[in-house]
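The next block holds one structure in the form of structure tokens; read it before the comments.
The values are calculated or read from the model by the stated rules, or taken from the named source; none is laboratory data. Computed from a predicted model, the values in this text were never measured in an experiment. Cβ coordinates were reconstructed from backbone atoms using ideal geometry, including for glycine residues, and neighbour counts include every protein chain displayed.
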Amino acid sequence: MSPERPAVGALFRRFRERLAAQGPVRPGEPGGHAPKTGANGSRATGTGAGVARTDTAAAGARLAPQPPRDVPPTERRRRRRGGGGGEQLTVPPAEFTSYYGRPILKAPVWKWDVAAYLFTGGLAAGSSLLAAGGQLTDRPALRRAGRVTSLAAVSASAYFLIHDLGRPARFHHMLRVAKPTSPMSMGTWILSAFGPAAGVAAVAEAARWLPERGVLGLGRRLLPPAGNAAGLAAAVTAPALATYTGVLLADTAVPSWHEAYPELPVIFAGSALASGAGVGLLAAPTRQAGPARRLAVAGAALELWGGHRVETRLGLLSEPYATGTAGKLLRAGRALTAAGVLGALAGRRSRVLSGLSGGALLAASVCTRFGIFHGGVASARDPKYTVVPQRDRARRRESPGTDINGPGAGPNGG
């Protein structure tokens, strides 16, 4: 058996007696004790059970020796490069992207139904303008095609919007307030004002099928003037319906949408006019399709000009519109728009060529809306489209005499 160990109290009394005999003197002070050294002259750098740290042991472990407590720490040696001061960096400066390359912004959770909503809203607006032109110029086929298409498109637009919201009650709840600074709130009211007017105008086209006598005969007489008034009211609301979706996208934090705030309403307005013209070229006889051809030229000019600006003015943020799915769709949209306009002008007497031109303009509008949608989503997923423009704006602010409202600076100058 091992001998009995001293009690804890006895050990504590011995420690107090030894401490009282030595006094509160530290090594290096007058009357102090020198640090302990080992048998081979190595200075001990630590005490206590399990420590046994000495200079020799530290060298064996490839560690730097611990300096004595009474020696002040020495300044770290600085290296000079090119005669200048400063400490030499051991690692190159890191280029920040994001945390583990993850997106800085949360990409929009919108799906294809929102892109379809953008297209059907523009189609409804363009068709109502086409119908108003046919009404004012006494072209019944053009008026009829525009009114029926406008009602069908706005109904589909309401369906896609409610489908994205998840519950129909949410659309009703958005009508509780009217907030002019909110594009979503204004868009809800615009859609609510446009829909009934387009509906009355389209229903009025069925008046000629009603009997001439009785209650239905009264409807036969009252519906045409009511439809004319409603058609003009829908045409007055159509420009707001065609462009508010562009303002809605630009009002988000998605980089390529936000920076394109001047061009998106122009592109959407041109796309709406071109799609409405496509309906007229498809449905109306060539002798009544004159307004549709003029509408196609105006819409194509706006759409192509806005698309060119988006792909050249935004710098780095133009890249999402030129690559990937968005780039393919937008290039196809430009080609179809150009082909549709040329066909509309060349097919003044050809019903087949006029119809093909109308189909090309409708397909171009679909490609343009979906291309803009995919371009914005792609810019939100890549962190460089958020970080690099922010750094550029910061450098422009720091540089004297520079205009922070230049290309890519944003609506508020950064």
Qualifying residue in segment 188-195 (condition: of a type in the set (Val, Ile, Thr), touching a residue at least 24 places away in the same chain (Cβ under 8 Å) and either more than 22 Å from LEU136 (Cα to Cα) or not in a helix (DSSP H, G or I) (or both)): yes
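Can you say whether THR237 is touching a Leu at 6+ places or on another chain (Cβ under 6 Å) and in a helix (DSSP H, G or I), as far as the supplied structure shows?
Working: touching a Leu at 6+ places or on another chain (Cβ under 6 Å): no; in a helix (DSSP H, G or I): yes.
Criteria not met by THR237.
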When residues of segment 344-361 are limited to those that are surrounded by fewer than 23 Cβ atoms within 10 Å (Cβ to Cβ) and in contact (Cβ under 8 Å) with a residue 40 or more places away in the chain, the one nearest to ARG293 (Cα to Cα): LEU345
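Quick check: anything in segment 175-193 among the small types (Gly, Ala, Ser) and modelled with pLDDT of 90 or more? I'd like the intermediate steps shown before the answer.
Filtering segment 175-193 for residues among the small types (Gly, Ala, Ser) gives 178, 182, 185, 187, 192-193.
Right, trim to modelled with pLDDT of 90 or more and you get 193.
Within segment 175-193, one or more residues are among the small types (Gly, Ala, Ser) and modelled with pLDDT of 90 or more.
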Residue within segment 149-162 that is in a helix (DSSP H, G or I), small (Gly, Ala, Ser) and farther than 23 Å from GLY280 by Cβ present: yes
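In segment 310-325, what residues are more than 26 Å from SER127 (Cβ to Cβ) and either touching a residue at least 40 places away in the same chain (Cβ under 8 Å) or outside any helix (DSSP H, G or I) (or both)? I'd like the intermediate steps shown before the answer.
In the first step, residues of segment 310-325 are kept if they are more than 26 Å from SER127 (Cβ to Cβ); the result is 311-325.
ARG313, LEU314, GLY315, LEU316, LEU317, SER318, GLU319, PRO320, TYR321, THR323, GLY324, THR325 - these are the residues of segment 310-325 that are more than 26 Å from SER127 (Cβ to Cβ) and either touching a residue at least 40 places away in the same chain (Cβ under 8 Å) or outside any helix (DSSP H, G or I) (or both).
This table checks each residue for (1) over 28 Å from PRO320 (Cβ atoms); (2) at pLDDT 90 or above; (3) touching an Asp or Glu at 6+ places or on another chain (Cβ under 8 Å).
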site	(1), (2), (3)
GLU212	yes, no, no
ALA234	yes, yes, no
GLY270	no, yes, yes
SER275	no, yes, no
ARG287	yes, yes, no
The lone exception for TRP305 - which of (1) crowded, with 19+ Cβ neighbours inside 10 Å; (2) free of Cβ contacts under 8 Å to residues at least 60 places away in the same chain; (3) of a type in the set (Phe, Trp, Tyr) it fails: (1)
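Inspect segment 200-215 for any residue being on the phi > 0 side of the Ramachandran plot, out of contact with any His (no Cβ under 6 Å at 6 or more places or on another chain) and without any contact (Cβ under 8 Å) to a residue 24 or more places away in the chain and give the result as yes or no. Please lay out each step first, then the result.
So in segment 200-215, the residues on the phi > 0 side of the Ramachandran plot come out as 214.
Next, only the ones that are out of contact with any His (no Cβ under 6 Å at 6 or more places or on another chain) stay: 214.
Keeping just the survivors that are without any contact (Cβ under 8 Å) to a residue 24 or more places away in the chain gives 214.
Taking every residue of segment 200-215 in turn, at least one turns out to be on the phi > 0 side of the Ramachandran plot, out of contact with any His (no Cβ under 6 Å at 6 or more places or on another chain) and without any contact (Cβ under 8 Å) to a residue 24 or more places away in the chain.
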Segment 151-180 residues that are under 16 Å from LEU241 (Cα atoms), paired with ones that are aliphatic (A, V, I, L, M) and part of a loop (DSSP other than H, G, I, E, B) (beta carbon under 8 Å, 6 or more apart): none
Identity of the residue in segment 129-161, over 15 Å from ARG293 (Cα atoms) and among the β-branched types (Val, Ile, Thr), that ends up surrounded by the fewest Cβ atoms within 10 Å (Cβ to Cβ): VAL148
Residue in segment 251-267 that is touching a Pro at 6+ places or on another chain (Cβ under 9 Å), aliphatic (A, V, I, L, M) and crowded, with 24+ Cβ neighbours inside 10 Å present: yes
